[in-house]
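Each remark here refers to the structure printed beneath this line.
The values are calculated or read from the model by the stated rules, or taken from the named source; none is laboratory data. This structure is a prediction, so every number in the text was calculated from the model and none was measured. Here the Cβ positions follow ideal geometry from the backbone for every residue, glycine too, while neighbour counts run over all protein chains shown.
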Ligand code: 5RP
């Protein structure tokens, strides 16, 4: 069984967490793409979705699922998204696909955040996946210097511009022992739009796709 099969298994399991929601939040990435594909089977139950990226929005529209503006959708019952790393406290690193800021916004307005990953993403300590930080372009060098002071090795994701028109620094070499504290500290740096640590608002449910099962970890 490949990681891709495990992603698909976790993604399909997320359908069971939608209950009777008619509007849902949908994240970004290859695992979420499997979830969007699975939504095709139940699209008549949905009035629409709020998407965390232009890319997922296009996929949803291609299935005939209306993409709604979050400002008019209000609070969402459920948000389904992937992660680059997750621990058993349901704290995450996200932003490998560069959609972290919109993902954090959609997670914040959702009552239930269901995170879907394959088992290679599960870790005891976050940080071996380079931590994405979205920055205002003019602040990139300043923020990078501040991140070095925190013990990281920031690497500019050159040629990549977020849906919000900003840049990404991928920070290598961090061992994140206190995710909520580091999340707050990095978010305080002038010029940071958001950091890809999701610990102050972690997932509520983590669905981990293994070769033979989907493991459910709840808060
Ligand atoms: C995008 C994300 C994704 O959820 C994360 O990168 C996981 O992606 P994939 O499912 O392709 O492994 O945070 O910004």
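A few comments on the model shown:
- The criterion of at least 1 residues that are away from the ligand (no atom under 16 Å from the Cβ) and farther than 20 Å from residue 204 by Cα is met, among helices (runs of 4 or more DSSP H) falling completely within region 1-96, by 54-62, 70-73.
- Test: residue in region 29-41 that is modelled with pLDDT under 95 and either touching a helix residue (DSSP H, G or I) at 6+ places or on another chain (Cβ under 9 Å) or crowded, with 23+ Cβ neighbours inside 10 Å (or both): yes
- All strands (runs of 3 or more DSSP E) inside region 97-184 with 1 or more residues being surrounded by fewer than 14 Cβ atoms within 10 Å (Cβ to Cβ), more than 16 Å from the ligand (Cβ to nearest atom) and at positive phi: none
- Within region 25-44, the residues that satisfy the criterion of being touching a residue at least 24 places away in the same chain (Cβ under 8 Å) and farther than 26 Å from residue 120 by Cβ are 41, 42.
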